[in-house]
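The block underneath contains the structure these notes are about, expressed in structure tokens.
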Amino acid sequence: MTPAEIRDAVLDILDTINPDEDLSSLDDEKEFRDQLDMDSMDFLDIVMELRKRYRVQVPEEDYDNLVSMNKTVAYLEPKMKDISA
Amino acid sequence: MYDSIIIGAGMSGLAAGIRSAYYDQKVCILERHNTIGGLNSFYRLRGRNYDVGLHAVTNFTPRGTRRGPFARLLRQLRLTWDEFGLSPQLMSSISFPNVELAFDNNIDLLRSEVARAFPNQIDNFEKLMDSLIDYDDLEQSHFEMSTRERLSEVITDPLLIEMILCPVMWYGNPREHDMDYGQFCIMFRALFLEGLARPFDGVRLILRKLVRKFRELGGELKLRTGVQQIKIDNGRAVGVILDCGDEMSAKNILSSVGAVETFRLCDDDDTTHVHKTGQLSFIEAISTLDTYPSELGHDKTIIFFNDSDKFHWQRPLEDLCDVRTGVICTPNNYCYDTADGKLPDGIMRITALADFNRWKNLNKDDYGRQKKIWFNKVVDSATQFAPDYREHTIDTDMFTPQTIHRFTSHDNGAVYGATRKWFDGTTNFKNLFLCGTDQGFVGIVGSIISGISMANHHLLRGN
Ligand SMILES: Cc1cc2nc3c(=O)[nH]c(=O)nc-3n(C[C@H](O)[C@H](O)[C@H](O)COP(=O)(O)OP(=O)(O)OC[C@H]3O[C@@H](n4cnc5c(N)ncnc54)[C@H](O)[C@@H]3O)c2cc1C
């Protein structure tokens, strides 16, 4: 997957977790927490959806990497580059 | 070999099952009874539908709300707001002999009622609301503070304290006399800052949604399949032995049957002795009417009543029941969608405190006789606070602590479980966990949240 495809994949996950949220104005630089109404349970769901959909494992000590879209994509790139979109 | 076995198909077990199955676990829910729902089930009698629990779904927030337990529950179970089909209450009240406080799903009504009935307490009441602990900030340390002490620091009129405690204890206090302050904050929010609602079709609608979702995700549900023992090997739970003698094994076991009840299944005498189950159980007297309660001038959804200035929250000491305080619930009095129309009958449900042991020790004839006697007594007491509907009665039913025990296996028929809670859901055994009533959250929304969070923490993490 390319970084753009990974971004789409993450967007799709956010949409599944939080169907009422308007994601079109998401700022990739800013932390999710400051833009989306997400709690700790929702964050855990990002990790679990990644595992469910792409078999990507995110260990607990790495959760901090998933704070914003840009950081998430950067973190996932090496893990997902060999997955076909 | 299952990834997870869940014991009990009540609200918490079903919710935990959905989470596990959604994340592709091989999961099986085992339920002893012949139907789902546990403490909040439903049945049919003489051609009519009845709910066991469900007076009101607490924690109700309007469509589009993002915060709070109800919104969280919908997101976590991937359900839409419409799927729960909730209609808000009309108006409810806390009714004491000479004073009544009305409330609805907008806190401003309760505010103005307190200002009207207790003008010199309204600032204190505001202070109390400002200092409620938020759900996410609850920690065991201040959770167990005394609510009575805390309230008397803020509110100086003892009558107002009793009036606040009455509904909050009725809808979720497992302890006698006093309440953990953390639990108080949860229930105060659930009742007054969020609100009350009901699906037109009753609790069966919610349960069917949950079961369908679970099955669609590949989960297995086995009814009439009780667990008689949890097999322990070297400090680990390795599987369960069913009532029929068959065995099943799993990597993790999550039990919603109560803490002491679960420890007993493990032969963990050690723990069963130390911890006691709760003592508080209920009777409920249900009357079907030939008219709608509103025709009799009754338009409240719920009335929490108490017949003196002091509210007594305890197991009845001298008798089978204590009818000085109770809850009057009228399922007709919700703002149902016009498309739904009206419920087929008028219904009045009265709940009062009852003593499990006294009910259990009655022989069959006495049991029937006492049910009639107490049905009348509880309705007598309730009709001090609501119009007398007795001459309109066309059918009745009543359940007792014995009924609750028979259908849910909860010790003492204790509706809100043990007096202490196991917030992290862990037990003496590495891969055996608790969810539901004894994990900490009660009520329909509370127990669903419990099932979700315990599945997240213990069944899904790292697997
Ligand atoms: C009269 C009454 C009124 C209520 N009113 C309301 C209300 O208005 N609003 C509200 O929100 N809440 C209400 N509640 C509370 C609410 O129903 C409960 O808090 C909630 O349903 C608890 O769910 P649970 O999953 O924790 O436990 P349970 O529902 O008890 O689930 C446990 C399940 O385990 C099964 N089980 C037990 N032992 C075994 C075994 N050995 N093997 C297999 N299965 C077993 C039981 O049969 C049961 O189905 C009411 C309850 C009652 C009784």
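The values are calculated or read from the model by the stated rules, or taken from the named source; none is laboratory data. Computed from a predicted structure; not experimentally measured. Here the Cβ positions follow ideal geometry from the backbone for every residue, glycine too, while neighbour counts run over all protein chains shown. Note: areas computed on protein heavy atoms with side chains; ligands, DNA, RNA excluded. Shrake-Rupley method; radii C 1.70, N 1.55, O 1.52, S 1.80 Å.
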Spacing of the two label points (7 Å from each Cα toward its C-beta) at A:ASP62 and B:ASP424, in nm: 2.6 nm
field: Net +/- balance of residues flanking B:SER255 in space, Cβ distance below 10 Å, scoring K and R +1, D and E -1
entry: -2
field: Segments B:358-365, A:15-22, B:411-418 sorted - mean Cβ within 10 Å per residue, highest first
entry: B:411-418, A:15-22, B:358-365
task: Considering the options B:ASN173, B:ILE36, B:SER249, tell which one lies farthest towards the positive end of the dipole of chain B, charges being +1 on Lys and Arg and -1 on Asp and Glu at the Cβ, about the Cα centre.
output: B:SER249
field: Under the Karplus curve 6.51 cos²θ - 1.76 cosθ + 1.60, θ = phi - 60°, whole-Hz ³J(HN,Hα) for the range B:131-137, x wherever Gly or Pro sits
entry: 9, 4, 6, 7, 3, 7, 9
query: Across the residues of A:26-36, average count of Cβ atoms on other protein chains within 10 Å?
result: 0
- request: Report the percentage of all Cα-Cα pairs in the range B:360-459 whose separation exceeds 24 Å, rounded to a whole percent.
  value: 47 percent
field: Computed over the range A:3-80, Kirkwood Rh from alpha-carbon pairs, angstrom
entry: 12.5 Å
query: Along the three principal axes, how long is chain B when you take its alpha carbons, biggest first, rounded to the nearest angstrom?
result: 61, 50, 48
Nearest 10 degrees, 0 to 90: helix A:69-80 Cα axis against chain A principal axis: 20 degrees
query: Once the other residues with Cβ under 10 Å from the Cβ of B:HIS142 are scored (Lys, Arg +1; Asp, Glu -1), what is the net sum?
result: -3
- request: Kindly sort B:HIS312, B:HIS457, B:HIS298 by accessible area of their heavy atoms, largest first, with the probe set to 1.4 Å.
  value: B:HIS457, B:HIS312, B:HIS298
query: How large is ³J(HN,Hα) for each residue in the range B:420-437, as worked out from phi by the Karplus curve 6.51 cos²θ - 1.76 cosθ + 1.60 (θ = phi - 60°), to whole Hz, x for Gly and Pro?
result: 10, 10, 10, 4, 8, x, 8, 10, 5, 10, 3, 10, 10, 10, 10, 9, x, 2
Summed buried accessible surface, chains A and B, 1.4 Å probe, nearest 100 Å²: 1800 Å²
- prompt: Roughly speaking, what is the centre-to-centre gap between the range B:34-65 and the range B:373-394 when only Cα atoms are used, to the nearest Å?
  reply: 23 Å
query: So what is the accessible area of chain B per residue, in Å², with the probe set to 1.4 Å?
result: 39 Å²
Compactness relative to 2.2 N^0.38 Å, alpha carbon Rg of the range B:222-351: 1.60
query: Tell me, which residues of the range B:9-30 get at least 30 Å² less accessible area when the other protein chains come in, versus the chain alone (1.4 Å probe)?
result: B:TYR22, B:TYR23, B:ASP24
- line: For the range A:3-80, the accessible surface attributable to carbon and sulfur atoms (probe 1.4 angstrom, ligands and nucleic acids excluded) amounts in percent to 44 percent
- request: Could you give the DSSP H helices of chain B that reach 15 angstrom or more along their long axis (alpha carbon positions) and whose average Kyte-Doolittle hydropathy is no lower than 0.0?
  value: B:11-22, B:107-117, B:158-170, B:443-454
- line: Here the FRET efficiency for B:ARG369 versus B:GLN228, based on Cβ atoms and R0 = 30 Å and rounded to 0.05, is 0.30
task: Please list B:331-339, B:259-267 highest first by mean number of surrounding beta-carbon atoms within 10 Å per residue.
output: B:259-267, B:331-339
message: If I compute solvent accessible area with a 1.4 Å probe over the protein chains, what percent of it on chain B is carbon and sulfur?
response: 46 percent
statement: Output for the range B:276-368: GluC sites (Glu not before Pro) sitting in coil per DSSP, at most 10 other Cβ within 10 Å, listed by number, reads B:GLU318
